[in-house]
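Chemist: Can you keep this structure in mind? I'll have questions shortly.
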Amino acid sequence: MFDVYQIRKDFPLLNRPLNGRPVAFLDTAASAQKPQCVLDKMMQIYQTCYANAHRGSYWFAEQITEEFEAARQTVRAFINARETREIIWTRNATESINLVAATWGMQNLRAGDEVLISEAEHHANLVPWQQICAKTGATLRVFAIADDGSYIEDEFLRALNSSTKLVAVTAMSNVLGTIFPIKEIAVAAHRAGAKILVDACQFAVHHKIDVQDMDCDFLAFSGHKTYGPTGIGVLYGKAEILSTMPPYQFGGDMIEHVTYQHTTFAEIPARFEAGTSASVQAIGMAEGLKYMQHLGLENIMQHERELTAYTTARLNEVPNLKIIGTAPNKGGVFSFIVNSIHPQDLAFVLNKENVAVRTGHHCAEPLVNRMGYTSLARASLGLYSTKEDIDALINALLKAEKFFREN
Amino acid sequence: MDIDELIENFSFFENWEEKYQYVIDLGRRLEPLDEAFKTEQWLVKGCQSQVWLVPQFKPDCIHFCGDSDALLVKGIIAIVFTIYNDKSADEIKKVDVQKIFAKLGLEENLTPSRRNGMMSMIEKIKQYAQNAK
């Protein structure tokens, strides 16, 4: 039984009034709030067994190393990876993608090769490829999406060819909410001889991930969006591919042997984890994932599906409001404009009304421009979001619409 | 209207709605910026909305024109101009803008976390004043 009002009690920040009134937090797509168990777990590590993981040979060090590696195991299970060594800790998903671009990309991309992305990519899954293409002489290609934000299979297949070396695509757009059929895309990419990297930052917040079923070669997501701490992210890669990739950064425990003249590097995953790891954050991230599993991914999905339908219906009640991104089966991300009100003006009134939304280009400037705008307001759902949050949003929007109407 | 009158006007408002309706009104009354200046060259960087600032250097002062596509920002620009417009470079340098905004009860618009770009705009005005000397 998924009782959202009961679940909200797990999130200290959601229960803190601001200026005497509750806050409708609708910016989970940017970063999620943290349940008490994540905060407790991290505090517990600092208070009972903190040391540098994978370094010392005393009790604290052994204890935290065990927790750190158990966290890797939790991530493996969460995305159903075959092996634990396929899980690389990074600072965030952006670093995960940069890692692949700088290592696999530099090693495998040549002039004449192509990297294929969708029009709906976050800068994190666009700029690294653009830059690595500039360095290697490869070409960045972009396949079109529909005006409502839908994936168009023909557009993808038309852009895919024997020169495509990598397809880098989001599983869920952070602006439009569009869900991309990764499994299908992976089959086609592999048939063309390309690898596929999945940006699962948004998808992971709302859906069950199975990297074996998707058959993706790389997948990136971050801790702070999956109800865990900031400063930690994950790169999944198939072991046979990761094993062939050169290190990303150097130093620390990523070595096998070092002399003044020469270094041999550790096996995966250590090879890609130079320097002291964000061990407490990794343990906190795993706790967030366990929390999601404890609630049940199916239950979270069901709750958000219902709330997505409710939000869509209520937003459509606001005069002159246009939702940007209306693909069928979209997830709980709502970009919108109201009349000709600048999103920044809109957000000002919403903030006064204790409604937290994001405005701007959402780190997807080409996409926002492609949809015909320079800036959008965005409300996004999390597992703790309620109809009351949406009602507060609608009331604030109605107030804003009136506030800015010329009188 | 000078800044003291403006401070007095702002002292009568009882809630944010009244206060910011007035800010919007000030924006509507802002001296229009010729469309020809709404180009990349005059765009102030670091703003979420588009903000243009154009200086006209006169013998003893600087006259600014500006605009924004966001209504509240446009109103704040009108207030910033009430503070800085047609002043000499020395006068511009001496202004304590934070203090004036605090008196107006609009200090929330000048915090670095606000991405409305007003801080960038004020920096730009000071830069022009510096270069004019």
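Read the figures in this text as sums done on the coordinates, not as results from a lab. It should be emphasised that the depicted structure is a prediction, and the values quoted were computed from it without experimental measurement. Reconstructed Cβ throughout: ideal geometry from the backbone, glycine too, with neighbour counts over all protein chains shown.
Chemist: Hey, what D do you get for the stretch A:13-62 in µm²/s if you plug the Kirkwood alpha-carbon radius into Stokes-Einstein at 37 °C and 0.692 mPa s?
Modeler: Estimated diffusion coefficient is 237 µm²/s.
Chemist: Classify the stretch B:43-120 as rounded, prolate or oblate from the Cα gyration tensor: take a ≥ b ≥ c as the square roots of its eigenvalues, call it rounded if a/c is under 1.5, otherwise prolate when a/b beats b/c and oblate if not. Don't jump to the answer; show the numbers that get you there.
Modeler: Working: a/c = 2.04, a/b = 1.26, b/c = 1.62.
Oblate is the answer for the stretch B:43-120, as a/c is 1.5 or above yet b/c matches or exceeds a/b.
Chemist: Let me ask something else about it. With no solvent and one equal point scatterer placed on each C-alpha of chain A, evaluate the Debye formula and give log10 I(q)/I(0) for q = 0.10 Å⁻¹, two decimals.
Modeler: -0.69
Chemist: Which pairs break 20 Å Cα to Cα here: A:Lys41/A:Lys290; A:Lys183/A:Lys225; A:Lys41/A:Lys238; A:Lys34/A:Lys290; B:Lys19/B:Lys94? Mind dumping the intermediate values first?
Modeler: Details: A:Lys41/A:Lys290 12 Å; A:Lys183/A:Lys225 23 Å; A:Lys41/A:Lys238 30 Å; A:Lys34/A:Lys290 13 Å; B:Lys19/B:Lys94 27 Å.
Cα-Cα > 20 Å for A:Lys183/A:Lys225; A:Lys41/A:Lys238; B:Lys19/B:Lys94; rest within.
Chemist: Rounded, prolate or oblate, given the Cα gyration tensor of the stretch A:1-124, with a/c below 1.5 counting as rounded?
Modeler: Oblate shape, in that a/c is at least 1.5 and b/c is the bigger or equal ratio.
Chemist: Binned at 10 Å from 0, what are the whole-percent values of the Cα-Cα distance distribution for the stretch A:283-407, short to long?
Modeler: 12, 40, 32, 14, 2, 0
Chemist: Before anything else, pin down the relative contact order of chain B: Cα pairs under 8 Å, at least 6 apart, normalised by residue count, whole percent.
Modeler: Working: 164 pairs, mean separation 36.0, N = 133.
Across chain B, relative contact order equals 27 percent.
Chemist: Give the Cα extents of the stretch B:3-132 along the principal axes, in whole Å, largest first.
Modeler: Reported extents, whole Å, longest axis first: 40, 29, 27.
Chemist: Please state, to two decimals, what the Cα-based radius of gyration of the stretch A:194-348 comes to when divided by 2.2 N^0.38 Å (N = residues). Each step should come with its number before you reach the end.
Modeler: Numbers: Rg = 21.0 Å, N = 155, 2.2 N^0.38 = 15.0 Å.
Normalised Rg, Cα atoms only: 1.40.
Chemist: Please express the shape of the stretch A:69-170 as an equivalent ellipsoid: the semi-axes are the square roots of 5 times the eigenvalues of the C-alpha gyration tensor, given largest first in whole angstrom.
Modeler: Three semi-axes, in Å: 26, 18, 12.
Chemist: Then there is this: Can you tell me which aspartates and glutamates have their Cα less than 15 Å from the Cα of A:Lys165? Leave out same-chain residues fewer than eight positions away.
Modeler: A:Asp113, A:Glu114, A:Asp217
Chemist: Which residues in the stretch A:68-102 have a backbone N closer than 11 Å to a point placed 7 Å from the Cα of A:Asn108 along the Cα-to-Cβ line?
Modeler: The answer is A:100-101, whose backbone nitrogens lie closer than 11 Å to the label point.
Chemist: What is the antiparallel percent of DSSP beta bridges lying wholly in the protein assembly as shown, to the nearest 5?
Modeler: 65
Chemist: If each residue's Cβ is checked for other Cβ atoms within 10 Å, how do A:His122, A:His54, A:His342 rank with the fewest at the top?
Modeler: A:His54, A:His122, A:His342
Chemist: What does the average come to when, for each residue of peptide A:342-352, you count the partner chain Cβ atoms lying within 10 Å of its Cβ?
Modeler: Numbers: counts 10, 3, 13, 12, 1, 4, 10, 4, 0, 1, 5.
Mean partner shielding for this stretch: 6.
Chemist: Find out how many positive minus negative residues lie around A:Lys195, taking Lys and Arg as positive, Asp and Glu as negative, among other residues whose Cβ is under 13 Å from that of A:Lys195.
Modeler: Local net charge: -2.
Chemist: List A:Ser173, A:Ser162, A:Ser277 from most exposed to least, where exposure is judged by having the fewest other Cβ atoms within 10 Å.
Modeler: Ascending number of Cβ neighbours within 10 Å: A:Ser162, A:Ser277, A:Ser173.
Chemist: Still on this structure: Under 20 Å Cα-Cα from B:Lys38, which lysines qualify once same-chain neighbours fewer than 8 residues away are excluded?
Modeler: Here the lysines satisfying the reach criterion relative to B:Lys38 are B:Lys74, B:Lys124.
Chemist: Using modelled amide H (1.01 Å from N, peptide plane; none on Pro or chain starts), what sits under 5 Å from the amide H of A:Met172, excluding residues fewer than 5 places away?
Modeler: Correct list: A:Phe180, A:Gln202, A:Phe203.
Chemist: Working from Cα positions, state the angle (0 to 90°, nearest 10) between the long axis of helix B:118-132 and the longest principal axis of chain B.
Modeler: Long axis of B:118-132 versus the principal axis of chain B: about 30 degrees.
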